[in-house]
Amino acid sequence: MSMVEKKKTKYIPLPIELYNEIQRIVKENRNLGFLSVPDFVRDAVRDKIIQIENKVRENKHNRNNSFIDAEADTEVFEGEAV
């Protein structure tokens, strides 16, 4: 990124209690590597996005590997006993 080019950011309000808690964690746990509240929040949001994407991928995989047991009229997933 050139010096002229600026990072595009959006500002998201946090309840003051949540901000203060994050600030306390950052200050008391410098060994975790967070330099600031925004640094902590960016990391937490990235982790949550990864967690959700993995869950969506897992659910999609489970749906793709299932079939309907016509006699029992239930969905059966790969590896389950019928």
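For labels at Lys6 and His61 in the simple 7 Å Cα→Cβ model, what's the distance in nm? So the two model labels end up 4.3 nm from each other. Judged by the mean number of other Cβ atoms found within 10 Å, the most tightly packed of the peptides 32-44, 15-27 leads the ranking 32-44, 15-27.
In this calculation the C-beta distance from Arg46 to Ile16 is compared with R0 = 30 Å, giving a FRET efficiency of 0.80. With θ taken as phi - 60° and the Karplus curve 6.51 cos²θ - 1.76 cosθ + 1.60 applied, the whole-hertz 3J(HN,Hα) list for segment 6-23 is 9, 5, 8, 9, 10, 9, 10, x, 10, x, 4, 5, 5, 4, 4, 5, 4, 4 Hz, x standing for glycine and proline.
Bear in mind that the values in this text are calculations on the coordinates, not laboratory data. If you're wondering where the values come from, they're calculated on a predicted model, not measured in any experiment. FYI the Cβ positions are ideal-geometry reconstructions off the backbone, even for glycines, and counts take in every protein chain you see.
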